[in-house]
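This report concerns only the one structure given below.
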Amino acid sequence: MMDQLALRTQTETGVEQETQVSPETLFLYVNQFKAQGARFITITTRDMGDDFQVIYHFEKDNQVYNLYMTVEKEKVVPSITGLYSVAFIAENESQDLLGLKFSDMNIDFGGKMFKVAPDVGTCLLKMVDGPRPPIMRKLSKCTEECPAMVDIPRYIRQVEKGDVEGAYNTIIDRAPLPAILGRVCFAPCQEGCRQELETKPIQIRMLKRYAADCFKDQNGGLLRDVERKPSTGKRVAVVGGGPAGVSAAYYLGMLGHGVTLLEKGKTLGGAMLWGIPKYRLPKDVMKEEIEARMTEAGVEVKPGVEVEDLGDLMAEGYDACFLAVGAEKCNSLRCEGEESEGVINFIDFLTAVNVRNETPDVGRRVVVIGGGNSAMDSARTARRLGAEEVTVFYRRTEDEMPASIDEVHGAVEEGIDFDFLSTQLTIHPGKPLRIEYQYMVPGEPDESGRRRPVPMEGGHGFLEADTVIAAIGYNVMVPQGFDVEVDRRGRIVIDDDYRTSRECVYAGGDAAFGTSNVISALRDGRAAASSIDRFLGGEGLSEAEPDMDEFVQRQADLDEIRSRRQAKIPEMDPVERVKSFEEIEKVFDRCTAEREAGRCWRCDWNE
Amino acid sequence: MNKQVEEVKTTVFPFGPQHPVLPEPIQLRFVVEEEEIVDVIPQLGYVHRGIEKAIELNDYRRNIYLCERICGICNYMHGMAYCESIEKLTDTMVPLRAKYLRTVWSELGRLQSHLLWLGLFSEGVGFESLFMQIWRIREIVLELNEATAGHRIHLSTNVIGGVNMDMDEGLVNRYYTDMDRLRKEMDTLAPVFYKDKAFQEKQVGKGVLPKKDAVHLGAVGPTIRGSGIPQDMRKNYYEAYGFLDFEPVTYDGDDVYSRTLVRFDEVYQSIDLIEAALKQMPEGPIVDKNDRFPDGVAIVRVEQPRGECFYYAVGNGTIHLERMRIRTPTLPNIPPLLHMLKGYEISDIPAIVHSIDPCMACAERITYVDKGGQ
Amino acid sequence: MPKMLDNILRNLFSKPATVRYPFEKPEHVPGTRGELSFDMSRCDQCQDCERLCPSGAIKVDVEGKRIEWDPYKCMYCHLCVRSCMHEAITPLDNVQPPGYRLEKKVFEA
């Protein structure tokens, strides 16, 4: 009995037979239906813009049959009430509300059947203005936190589906160096992720690196097969090969301009080259990606050229110029003895290690003064060069350190000591150096809101070290020959369009905003490229806004997704790490990456 | 022989839209000749709310709540039919337990609707305390609704891909107890409906709709089942009806009385169906979602308490549906009503109009034309 | 006749079926769909509930971190409860009492 019943499962009452008819052949079919004893169900009318689509629904032997008819708007349709007298209700409906005209209806209400409301009165649901239905879609929090407004949920979805090339292209649309960013970006997007309230944000940065590395494996390199726009005949000079310069050169080149990139050093990269250590960003990856972008954009790269005078440069026939010279002047320690031998500034130190691949002998004990990311980089580099005791002095507390938490944590794992609330007083020269330092206590807050450290009564200390590395910040120093306006801290003054005080000259990156980070510099490059393009007669690049034509849904199995744990980034063991400059983080494998990408809540979904 | 030419005077008088007997407004203008009805002219459109257009302008996930509010009495089946049409458009398979739950709750909705109708009808023919009795019995069903889902009338448990509330042991036992109680209460009413002569006087022989007229005029629901034709959409085996054993209830009288008896017997049938479905219900998940957008064309027909309801949905792959056409059962019952009123007297009007169970709120939600000239 | 007597006696001695609301409250059933209460410490102003509400009863002020909920427009369908990702909306178990004025309820962080 149960099997018999089970066999009688639901038959498909979907659309069975559809026939196209015209007003002339309508009666042929309707007569057929009448002869076979079919039952009339109803008429559906749709307004398709220029004409109406009229669908007649009939039922025969428990199956639904449809007749589709398209008529122009003013044409008169013969009524079928002669055959099916009950059709008068449906025909009157269509006539009243859409204006479809019928002839010879048996009961004709003449437009008085349904009283159409004369105005749009109160309605339970939201009102609509105009014929297009409203769709609400907004930018997700992660996109809003990113300085470059990369379309993060979109590339996460592409990674989840396995479309690595699409993900790579999505990122390059707004930030042209994904392989680099996936290793070095400080990821404000992860702090903006809504899952952070439960302390499980999506590993957006590692997914970016995964996309770039997978694309490289699939493609055999990072060079893409893309086309530039047709040449505009204009020439632009970009001074400085750091992130801002590379970004501006790429976007201007893709828009069709002839770009020449002038870099002081022998290799491109700027702060990415000398400032970021090799265990975080391997230099071959960096070079490969920058070269790929420059080749795609058709940029003429001139390394080893230092620009002193802008007037001479512009006289070579450029229509515009972008300054991205970066910052190089290290802040001084302002204490006695800073000229002693063994005291070096971090720029010289890191440049020697990262650019020239030297291994300077830092001795056994090293003291690093400073609390930012550069101090962490210097300390960890010193550790890898053989120093056994590395101490970091910072004049405020641990919570107020500007370095990112991952860097500090990595430093602690590698055995680096921290001395908080200490500041240097005097450095006595000799071998080893003797540093006299002062304990501090937090005092009143200064203008940035952080508490100003005040010397503690009688708190002095001495420490011996072989090398002291000064890492308390650096500033911009623009050559005189540029003849552009600078502010009191040496930064180039620009307006909202990245224009400087000199005509046809634009600026961005660290040179204009002071020392910041890679992603902000990439943003500056793109925005300045857009501005320059408009100056040269083009349209500029598009702003970040939600794509109204793509429809995105939240996932169906949200409960399962919310129970997944955050994937941890695989790292090298701390003891092994300090023996070499090998890259610390390993990329996800495919299974982990797709699972992590599936955890995204898709905050940019449609309403 | 004198040819006597009689001047027969005809009067036209309106019935409705407000009338104590009507649950919802409809205007019928009767052309009468001295107490006998000659012709009827209907006028609809008093409850028109522009729902079909509103469905097009809304996100398809929120439309469930909109469709439920087309009619307060048959609300569960509207929501369920809408969900079924979207499930067809997105190729979703509903799990078996969800199908059983939907069946149980549909039958509960049918119970509630028939009890409401029986009460209103009794009052329409003059039995006012019977009306109160029946509505007191209906409270059992409403309280059961509240225990299940939180609301007395709008259960709102449909989602696309299944249901979102489950029944545990305690609730299922409560269903059994309440169904028993309901059956006992209905047994006390049965003598009135089956045997009472005064009750039958108002109904037997009135509003006759012969078989071939019923088919030709396209009647649906108890209207046609009261004329002996077993047309019931539940035999299409949507949801879990394929696993339940039942036959449509028909009576051969063709008049108002047989329609009343059809509905009365359907109450018993619903009680049996609920008990059978609860016994057979398997364990398992209750919802199966996916994230595809509706695309294509789908047709769904469900059996509401008043007859066959037809949903035609067109989707285009975005979050808005392109067109939704809903044809509710009262609409095709109006031509038979116009036919069966002719030849009877004014005092029979309430009983006859009521016998098709007019639910005009369902009937009017056709496309709403924007003043902007679409 | 005996049936009528039986009916009369039964109705005479059973308690009334109606409840004199609002002076007496009907029996409370647990699980009634009732009012909403927003927990602002968990809300991060994502406006999902505003977008999903079928009757537009929720308004979110993103900068001011306030939510305005209109209990007279609300349908008590509890779609917002099910779709809030941080579970910041809890449904209460009561029947919304009638009031004299149309007022909105405001929840602040």
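The values are calculated or read from the model by the stated rules, or taken from the named source; none is laboratory data. Keep in mind it's a predicted model, so treat the numbers as computed, not measured. Note that each Cβ is placed from the backbone with ideal geometry, even for glycine, and that neighbours are counted across all protein chains shown.
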Legend entry - Total residues in the range B:28-65, condition within 10 Å of chain A (Cβ to nearest Cβ), over 16 Å from B:V300 (Cβ atoms) and not hydroxyl-bearing (S, T, Y): 17
Legend entry - Where a residue in the range A:451-462 is in the same structural domain as A:Q424 (by TED's automatic domain parsing) and its partner, wherever it lies, is among the basic types (K, R) and assigned to a strand (DSSP E or B), with Cβ under 8 Å and at least six apart: A:F462/A:R434
Inset, instruction - Specify the residue that is nearest to C:P30 (Cα to Cα); the eligible residues are those in the range C:86-98 that are away from every other protein chain (no Cβ under 12 Å) and surrounded by fewer than 16 Cβ atoms within 10 Å (Cβ to Cβ). - result: C:T90
Legend entry - Which listed residue is buried (at least 17 other Cβ atoms within 10 Å of the Cβ), touching a Leu at 6+ places or on another chain (Cβ under 8 Å) and in a loop (DSSP other than H, G, I, E, B), from B:P17, B:P23, B:P42: B:P23
Inset, instruction - Would you please name the residue that is nearest to the chain's Cα centre (by Cα), looking only at residues in the range A:49-62 that are more than 10 Å from every other protein chain (Cβ to nearest Cβ) and not aromatic (F, W, Y)? - result: A:D50
Legend entry - Criterion (of a type in the set (V, I, T), under 24 Å from the mean Cα position of the chain (by Cα) and under 25 Å from A:R209 (Cβ atoms)) met by exactly one of A:T267, A:T295: A:T295
Inset, instruction - Scan the range B:75-87 and give yes if some residue there is facing another protein chain (nearest Cβ under 8 Å) and under 28 Å from C:L52 (Cβ atoms), otherwise no. - result: no
Legend entry - Total residues in the range A:18-54, condition part of a strand (DSSP E or B) and either not assigned by TED's automatic domain parsing to the domain that holds A:V86 or not basic (K, R) (or both): 15
Inset, instruction - Give the residues of the range A:63-102 that are within 13 Å of another protein chain (Cβ to nearest Cβ) and among the polar types (S, T, N, Q), sorted by residue number. - result: A:Q63, A:N66, A:T81, A:S85, A:N92, A:S94, A:Q95
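Scan the range A:29-60 residue by residue and report those that are within 17 Å of B:R301 (Cα to Cα) and without any contact (Cβ under 8 Å) to a residue 40 or more places away in the chain. Step through it out loud before you land on a result.
Of all residues in the range A:29-60, those within 17 Å of B:R301 (Cα to Cα) come to A:38-44, A:55-60.
Selection gives A:A38, A:R39, A:I41, A:T44, A:I55, A:Y56, A:H57, A:F58, A:E59, A:K60.
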Inset, instruction - Would you check if there is a residue in the range B:156-167 being at the interface with chain C (Cβ under 10 Å from one of its Cβ atoms), within 20 Å of the chain's Cα centre (by Cα) and crowded, with 21+ Cβ neighbours inside 10 Å? - result: yes
Legend entry - Odd one out for B:E201, checked against (1) over 25 Å from B:E143 (Cα atoms); (2) surrounded by fewer than 18 Cβ atoms within 10 Å (Cβ to Cβ); (3) modelled with pLDDT of 85 or more; (4) not hydroxyl-bearing (S, T, Y): (3)
Inset, instruction - Select the helices (runs of 4 or more DSSP H) contained entirely in the range B:163-261, then report the ones holding at least 3 residues which are basic (K, R). - result: B:169-195
Inset, instruction - Out of the residues in the range A:215-251 that are among the aliphatic types (A, V, I, L, M) and assigned to a strand (DSSP E or B), state the one that is nearest to A:D319 (Cα to Cα). - result: A:V236
Inset, instruction - Within the range B:243-265, identify whether any single residue is more than 14 Å from chain A (Cβ to nearest Cβ) and over 30 Å from B:P350 (Cβ atoms), and answer yes or no. - result: no
Inset, instruction - Identify the residue in the range A:458-504 that is over 26 Å from A:F393 (Cβ atoms), of a type in the set (A, V, I, L, M) and part of a strand (DSSP E or B) and, among all such residues, is modelled with the highest pLDDT. - result: A:I492
Inset, instruction - May I ask you to verify whether B:I64 is in contact with a Gly (Cβ under 8 Å, 6 or more places away or on another chain) and either surrounded by fewer than 24 Cβ atoms within 10 Å (Cβ to Cβ) or not acidic (D, E) (or both)? - result: yes
Inset, instruction - Test each condition in (1) crowded, with 23+ Cβ neighbours inside 10 Å; (2) touching an Asp or Glu at 6+ places or on another chain (Cβ under 9 Å); (3) over 27 Å from A:E550 (Cα atoms); (4) more than 11 Å from chain A (Cβ to nearest Cβ) for B:T330 and report the one that comes out false. - result: (4)
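Inside the range A:156-172, can you point out the residues that are part of a loop (DSSP other than H, G, I, E, B) and either touching a Pro at 6+ places or on another chain (Cβ under 6 Å) or charged (D, E, K, R) (or both)? Outline the logic, then answer.
Step one: of the range A:156-172, the residues part of a loop (DSSP other than H, G, I, E, B) are A:162-163.
Correct list: A:D163 only.
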Legend entry - Which numbered condition B:I73 misses (of (1) under 25 Å from B:A149 (Cβ atoms); (2) outside any loop (DSSP other than H, G, I, E, B)): (2)
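Has the range B:287-307 got at least one residue that is basic (K, R), assigned to a strand (DSSP E or B), at the interface with chain A (Cβ under 8 Å from one of its Cβ atoms) and within 18 Å of B:N75 (Cα to Cα)? It would help to see each step written out before you state the result.
Initial filter on the range B:287-307 (basic (K, R)): B:289, B:292, B:301, B:306.
In the following step, the residues that additionally are assigned to a strand (DSSP E or B) were identified as B:301.
If we keep only those that are at the interface with chain A (Cβ under 8 Å from one of its Cβ atoms) as well, we get B:301.
Narrowing further to those that are within 18 Å of B:N75 (Cα to Cα): B:301.
Yes; the residues of the range B:287-307 include at least one that is basic (K, R), assigned to a strand (DSSP E or B), at the interface with chain A (Cβ under 8 Å from one of its Cβ atoms) and within 18 Å of B:N75 (Cα to Cα).
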